[in-house]
Amino acid sequence: MSRSFIERYSMTVHLIESRMLPHPPEVIWKKIRDFNSLPTWHHMIASSSIEAGKNGDQVGAVRNFFTHDGGNIREQLLALNDHRFLITYNILESGMGVSNYIAEISLQRVTSDNSTFAVWTAQFDCDREKEKELSQYISETVFQAGLANLHTVLSNG
C-alpha cells in the first residue's frame, strides 16, 4: 500500500515554549494585547500595521509586519480573551514554507508570587525535509527569544 502525497511529503508540527515572567499577567497583557504591538516587545520585528482600518484588538484584524531581515508576514487575529489572557492567530502569508499555521499566546497567573507562566504554542504543516529547521527556528528565534525580549522590555520599564 503506498502512502499519499501528504503522508510522504508533509507533516503536522506541534510546538510549545514557555517561560516564567516576574510580572503580573495584567502588566504583560497590557503590552501584548494589541495585535499590532509586536514591534514594541519582539526584537525581530521592524514594523507592523493593521490592514483595512481595523483596531489591533478586533478579532479578524490582519497585521502585516516586516522583520529586520526583510521578511514579510501577514497574520490574522482569531481570538482575544481578556479574562483568560489569551491571543490566538494564524498566518495568512509568509515565506517560511508553513501552511495551516495557528498559534496561541496564553498567560497564567502564578498565585504564590503574582508572576506569570507564559506559554506560546503553534501547530502547522510543512514539508518533511523542512520540519527540523522550521521547528527550531520558530521555537528558538520566534518564541523563546520573543518571550525573553518581552521580559527585558517589561523589566526596563
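Give the residue, chosen from Asp57, Asp69, that is modelled with pLDDT of 95 or more, open to solvent by less than 70 Å² (accessible area, probe 1.4 Å), in a loop (DSSP other than H, G, I, E, B) and not small (Gly, Ala, Ser).
Details: Asp69 fails: open to solvent by less than 70 Å² (accessible area, probe 1.4 Å).
The unique qualifying residue is Asp57.
Residues to consider are Ser139, Ser135, Ser112, Ser155; find the one that is out of contact with any Lys or Arg (no Cβ under 6 Å at 6 or more places or on another chain), at negative phi and buried (at least 17 other Cβ atoms within 10 Å of the Cβ). Working first, answer last.
Values: Ser135 fails: buried (at least 17 other Cβ atoms within 10 Å of the Cβ); Ser112 fails: buried (at least 17 other Cβ atoms within 10 Å of the Cβ); Ser155 fails: buried (at least 17 other Cβ atoms within 10 Å of the Cβ).
Residue meeting the stated conditions: Ser139.
Could you please find all residues in region 32-50 being under 14 Å from the mean Cα position of the chain (by Cα) and not hydroxyl-bearing (Ser, Thr, Tyr)?
Of everything in region 32-50, those that are under 14 Å from the mean Cα position of the chain (by Cα) and not hydroxyl-bearing (Ser, Thr, Tyr) turn out to be Ile32, Arg33, Asp34, Phe35, Asn36, Leu38, Pro39, Trp41, His42, His43, Met44, Ile45.
Answer yes or no as to whether Phe117 is under 29 Å from Gly157 (Cβ atoms), within 15 Å of the chain's Cα centre (by Cα) and among the aromatic types (Phe, Trp, Tyr).
It is false that Phe117 is under 29 Å from Gly157 (Cβ atoms), within 15 Å of the chain's Cα centre (by Cα) and among the aromatic types (Phe, Trp, Tyr).
Can we say Phe35 is surrounded by 12 or more Cβ atoms within 10 Å (Cβ to Cβ), assigned to a loop (DSSP other than H, G, I, E, B) and in contact with a Ser or Thr (Cβ under 9 Å, 6 or more places away or on another chain)? Spell out how you get there, then give the answer.
Details: surrounded by 12 or more Cβ atoms within 10 Å (Cβ to Cβ): yes; assigned to a loop (DSSP other than H, G, I, E, B): yes; in contact with a Ser or Thr (Cβ under 9 Å, 6 or more places away or on another chain): yes.
Yes: the conditions hold for Phe35.
Taking only region 54-75 into account, find how many residues are of a type in the set (D, E, K, R) and closer than 13 Å to Asn90 by Cα. It would help to see each step written out before you state the result.
Within region 54-75, the subset of a type in the set (D, E, K, R) is 54, 57, 63, 69, 74-75.
Then drop every residue that is not closer than 13 Å to Asn90 by Cα, which leaves 63, 74-75.
Matching residues across region 54-75 total 3.
The values are calculated or read from the model by the stated rules, or taken from the named source; none is laboratory data. Just so you know, these numbers come straight off a predicted model, no measurement behind them. All Cβ positions, even for glycine, are placed from backbone atoms using ideal geometry, and neighbour counts span all protein chains on display. All accessible areas refer to the heavy atoms of the entire protein, side chains included, with ligands and DNA or RNA removed. Shrake-Rupley method; radii C 1.70, N 1.55, O 1.52, S 1.80 Å.
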